[in-house]
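Peer 1: Sharing a structure here in structure tokens format.
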Amino acid sequence: MAKLWGGRFQKETDRLVEDFHSSISFDQRLYKYDIKGSIAHASMLGRAGIIEPDEAGAIIRGLEEVLADIEAGRVEFSVGAEDIHMNVEQLLTERVGELGKKLHTARSRNDQVALDIRMYLKDEIDSITALLRGLQASLLDLAEKHLDTVMPGYTHLQRAQPVTYAHHLMAYCEMFRRDEERLGDCRRRTDVMPLGAGALAGTTFPLDREYVARQLGFAAVTENSLDSVSDRDFAVEFAASASLIMVHMSRLCEEIILWSSAEFAFIELDDAYSTGSSMMPQKKNPDVAELIRGKSGRVFGDLQALLTMLKGLPLAYNKDMQEDKEALFDAVDTVKKCLIIFKPMLETIQVKKDVMAQAARGGFTNATDLADYLVRRGMPFREAHEAAGKAVLYCLKKGQTLEGMSLEEYKEFSSLVEEDVYNAIDIRNCVQSRKVPGGPAPGTVAEAIARARQRLG
Ligand code: ARG
């Protein structure tokens, strides 16, 4: 097939090369953006008098028909036409004839592809942001129901101090809020219009770049033609933000997996979000959570691929950059798929409050509260820590809890202990008294939920 760039060539492209360098199999998903961008470009060419206004009109009508054809499934893309940009141009020329050949005036595929992925990514950031917001809303609803659901908080996966399920979920809500902010930052830097950069050095034609930016809903135009066609830092930023979203989902998934084991038994996943074993009839596996945890690796890989692709490239465009698309698309698809399934899986979890509370009571999670009690009675914290530690050791040897010690036994460790110690180390009170801003006390968490709701709008 004749190449759109065939003028200086005397030989056909080798078949192997044709397959190797063609990107249509994956960049066809950009067709809508490519056509919208071309419509804005043609319209600008007409207004600026670079082509005749009626030529621009005919090109635009042709592009709209090509769009309709693609959407109706009437188009078979051609590998020979390399990529989505040349496929669309070829389809246009088939429709409107010679006129189609004017569309590419003052434009290169280098600025065109930079435009297309920026448009694509802006839309995807918007849908991922909506998913993140939906997830935050679910976390807030769940937290509201579990303000009093006491569970052990852990460090080193050892029971540490009592918290609530609400407080634990709200920790993730904060992470997803920061993820949303990061995407917002990335979106601002993606929202800059590169068309007009040409292949690398702009163009001799008097383009109205601001008009194109307005037509396509961009906030600004890029400043430097070389930079416009040679950086993909916005894609890297997106993949980094997506990686963190995956990290956050993956960590909660890890907890869901642990908590649904018989060893913890804090929660039970809904049947609809679990799967069975082909051999072991009793099994109910947390496959969804495991897959999200597993898929995080793909997205980190996409980030790595993008960074590595860019790091050694001399300015401006190099064909290496065609590799940005599959990595970017994969990161977008993966994070979206995971966010979509994560929300209902989380919402349908059955929480075993008694087991959680029992675990909080069983692990000396109130030992710090005993030390704090002694501090309030006048003992320096280091000494109080030592005394409470000794009390724990004593209980461990006797196989009992701090709540189970008699006042006489307490007096052995410190004469400062009085009857009110039992109130101070009661697990519910331990949570209740952590009223410090950011703490797990139900009232404090309720306020945090209210603030988060306000922010979510
Ligand atoms: N398919 C190419 C890409 O995705 C479009 C730009 C090609 N430009 C070029 N000069 N070969 O990067």
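The values are calculated or read from the model by the stated rules, or taken from the named source; none is laboratory data. For clarity, every value in this text was computed on a predicted model and none was experimentally measured. FYI the Cβ positions are ideal-geometry reconstructions off the backbone, even for glycines, and counts take in every protein chain you see. In case anyone asks, the SASA skips ligands and DNA or RNA and just uses the protein heavy atoms, side chains included. Shrake-Rupley method; radii C 1.70, N 1.55, O 1.52, S 1.80 Å.
Peer 1: Starting from the Cα gyration tensor of segment 293-371, take the square roots of the eigenvalues, sort them a ≥ b ≥ c, and report rounded, prolate or oblate (rounded when a/c is under 1.5, otherwise prolate if a/b is larger than b/c, else oblate). Before the final figure, lay out each step's value.
Peer 2: Numbers: a/c = 6.38, a/b = 2.45, b/c = 2.60.
Oblate.
Peer 1: If you don't mind, there's one more thing I want to ask. Efficiency by 1/(1 + (r/R0)^6): what FRET value for Arg455 and Arg188, r their Cβ-Cβ distance, R0 = 22 Å, to the nearest 0.05? List each step's numbers first, then the result.
Peer 2: Values: r = 19 Å, r/R0 = 0.84.
Computed FRET efficiency for Arg455 and Arg188 comes out at 0.75.
Peer 1: Ignoring any ligand, DNA or RNA, what whole percent of the accessible area of the chain comes from carbon and sulfur when the probe is 1.4 angstrom? List each step's numbers first, then the result.
Peer 2: Numbers: 11520 of 22090 Å².
So the carbon and sulfur contribution to the accessible surface is 52 percent.
Peer 1: Tell me, what is the per residue accessible area of segment 248-370 in Å², probe radius 1.4 Å? Let's see the in-between values first.
Peer 2: Numbers: 5930 Å² over 123 residues.
That works out to 48 Å² for each residue.
Peer 1: With all protein chains present, calculate the accessible area of Val192 using a 1.4 Å probe and round the result to the nearest 10 Å².
Peer 2: Its heavy atoms expose roughly 30 Å² to the probe.
Peer 1: Using modelled amide H (1.01 Å from N, peptide plane; none on Pro or chain starts), what sits under 5 Å from the amide H of Ala197, excluding residues fewer than 5 places away?
Peer 2: none
Peer 1: Here's a follow-up. Over 21 Å between Cα atoms: which of Lys122/Lys336; Lys343/Lys435; Lys36/Lys319; Lys145/Lys435 fall into that group? Could you put the intermediate results ahead of the total?
Peer 2: Working: Lys122/Lys336 14 Å; Lys343/Lys435 29 Å; Lys36/Lys319 24 Å; Lys145/Lys435 19 Å.
As for pairs spanning more than 21 Å Cα to Cα, those are Lys343/Lys435; Lys36/Lys319.
Peer 1: Also, quick follow-up: Based on the mean of other beta carbon atoms within 10 Å per residue, what is the order of 324-334, 125-135, 281-291, most packed first? Don't jump to the answer; show the numbers that get you there.
Peer 2: Working: 324-334: 21.1, 125-135: 17.0, 281-291: 15.5.
Order by mean packing, descending: 324-334, 125-135, 281-291.
Peer 1: Another question, then. On full extension of the chain, what length is gained from Ser127 through Glu174, given 0.36 nm per residue of separation minus the C-alpha to C-alpha distance?
Peer 2: Values: separation 47, 0.36 × 47 = 16.92 nm, distance 1.93 nm.
Using 0.36 nm per residue and subtracting the Cα-Cα distance, I get 15.0 nm.
Peer 1: Another question about this same structure. Residue farthest toward the positive end of the dipole of the chain, with Cβ of Lys/Arg at +1 and Asp/Glu at -1: which of Ile70, Gly153, His41?
Peer 2: Gly153
Peer 1: So what is the relative contact order of segment 175-286, in percent, for Cα pairs below 8 Å that sit 6 or more residues apart? Present the calculation step by step, with values, prior to reporting the outcome.
Peer 2: Values: 92 pairs, mean separation 24.8, N = 112.
Worked out over segment 175-286, it gives 22 percent.
Peer 1: Could you tell me which residue out of Leu216, Trp259, Pro162 lies farthest along the dipole of segment 152-277 toward its positive end? Charges go on the beta carbon: Lys and Arg +1, Asp and Glu -1, centred on the Cα centre.
Peer 2: Sorting the options by dipole projection puts first Leu216.
Peer 1: Okay, next question. Would you mind computing Rg(Cα) / (2.2 N^0.38 Å) for segment 272-419, counting N as its residues? Intermediate results must be reported in sequence, preceding the final value.
Peer 2: On the way: Rg = 27.4 Å, N = 148, 2.2 N^0.38 = 14.7 Å.
Here the Cα radius of gyration is 1.86 times the empirical estimate.
Peer 1: Then there's this: Please work out the average accessible area per residue across segment 26-177, using the 1.4 Å probe convention, and give it in Å². Each step should come with its number before you reach the end.
Peer 2: Details: 5740 Å² over 152 residues.
Accessible area per residue, segment 26-177: 38 Å².
Peer 1: Would you compute, from DSSP H runs of 4+ residues alone, the mean residue ellipticity of the chain at 222 nm, taking -39500 (n - 2.57) per run and dividing by the full residue count, rounded to the nearest 500? Walk me through the intermediate numbers first.
Peer 2: Working: 19 runs with 283 residues, N = 457.
Helices in the chain give a 222 nm mean residue ellipticity of -20000 deg cm²/dmol.
Peer 1: In segment 309-449, with Lys and Arg counted as +1 and Asp and Glu as -1 at Cβ, which of these residues, Asn366, Leu315, Leu339, has the Cα nearest the positive end of the dipole, that is, farthest along it?
Peer 2: Toward the positive end, the furthest listed residue is Leu315.
Peer 1: Can you bin segment 190-294 into rounded, prolate or oblate? Criterion: square roots of the alpha carbon gyration tensor eigenvalues sorted a ≥ b ≥ c, rounded for a/c under 1.5, prolate for a/b above b/c, oblate for the rest. Kindly include the intermediate steps, with their values, before the conclusion.
Peer 2: Numbers: a/c = 4.35, a/b = 4.20, b/c = 1.04.
Because a/c hits 1.5 or more and a/b exceeds b/c, segment 190-294 counts as prolate.
Peer 1: Another question about this same structure. Using only Cα atoms, tell me the angle between helix 442-456 and the longest principal axis of the chain; keep it within 0 to 90° and round to the nearest 10.
Peer 2: Tilt relative to the chain: about 10 degrees.
Peer 1: For segment 354-385 and segment 270-343, compute the distance between their C-alpha centroids and round to whole Å.
Peer 2: 42 Å
Peer 1: Please tell me the relative contact order of segment 31-164 in percent, rounded to the nearest whole number, where contacts are Cα pairs under 8 Å and at least six residues apart. Could you put the intermediate results ahead of the total?
Peer 2: Details: 99 pairs, mean separation 26.8, N = 134.
Reported as a whole number, the value is 20 percent.
Peer 1: A follow-up question, please. Suppose each label sits 7 Å from its Cα in the direction of the beta carbon; what would the Ser78-Glu347 distance come out to in nanometres?
Peer 2: Result for the modelled spin labels: 4.8 nm.
Peer 1: Test of understanding: what is the full-extension gain from Thr105 to Glu323, defined as 0.36 nm times their sequence separation minus their Cα-Cα distance? Walk me through the intermediate numbers first.
Peer 2: Values: separation 218, 0.36 × 218 = 78.48 nm, distance 2.60 nm.
That works out to 75.9 nm of additional length.
Peer 1: Tell me, what does the Kirkwood hydrodynamic radius of the chain come to in angstroms if you use every pair of distinct C-alpha atoms?
Peer 2: Details: mean 1/r = 0.0379 Å⁻¹.
For the chain, inverting the mean 1/r across all distinct Cα pairs yields 26.4 Å.
Peer 1: Between Ala137 and Asp354, with labels modelled 7 Å along Cα→Cβ, what's the label distance in nm to one decimal, could you check?
Peer 2: So the two model labels end up 3.5 nm from each other.
Peer 1: Right, here's the next one. Mind giving me the nanometre distance, one decimal, between the label points for Asp287 and Val436, set 7 Å out from Cα along Cα→Cβ?
Peer 2: The answer from the label model is 4.5 nm.
Peer 1: Hey, another quick one. If R0 is 60 Å, what FRET efficiency do you get for Asn423 and Asp333 from their C-beta distance, rounded to 0.05? Show your work: numbers first, answer last.
Peer 2: Working: r = 54 Å, r/R0 = 0.90.
Working from the Cβ atoms, E equals 0.65.
Peer 1: Compute the FRET efficiency between Ala160 and Gln400 as 1/(1 + (r/R0)^6), taking r as their Cβ-Cβ distance and R0 = 25 Å, and round to the nearest 0.05.
Peer 2: It comes to 0.80.
Peer 1: Report the Cα centroid-to-centroid distance between segment 17-80 and segment 100-155 in angstrom, as an integer.
Peer 2: First find each Cα centre; the distance between them is then 26 Å.
Peer 1: If you don't mind, another one. Quickly rank 53-59, 434-440 as a protection proxy: mean count of other C-beta atoms within 10 Å, highest first. Don't skip to the end; give the middle numbers.
Peer 2: Details: 53-59: 17.3, 434-440: 14.7.
Result, highest mean first: 53-59, 434-440.
Peer 1: While we're looking at this one, here's another question. Excluding residues on the same chain fewer than 8 positions from Lys397, give the lysines whose Cα lies under 29 Å from its Cα.
Peer 2: Lys353, Lys411
Peer 1: Given a cut-off of under 8 Å on Cα pairs at least six residues apart, what relative contact order in percent is computed for the chain? Walk me through the numbers on the way to the answer.
Peer 2: On the way: 617 pairs, mean separation 71.0, N = 457.
The value is 16 percent.
Peer 1: What percent antiparallel are the DSSP beta bridges of the chain, to the nearest 5? List each step's numbers first, then the result.
Peer 2: On the way: 9 of 11 bridges.
In the chain, DSSP labels about 80 percent of beta bridges as antiparallel.
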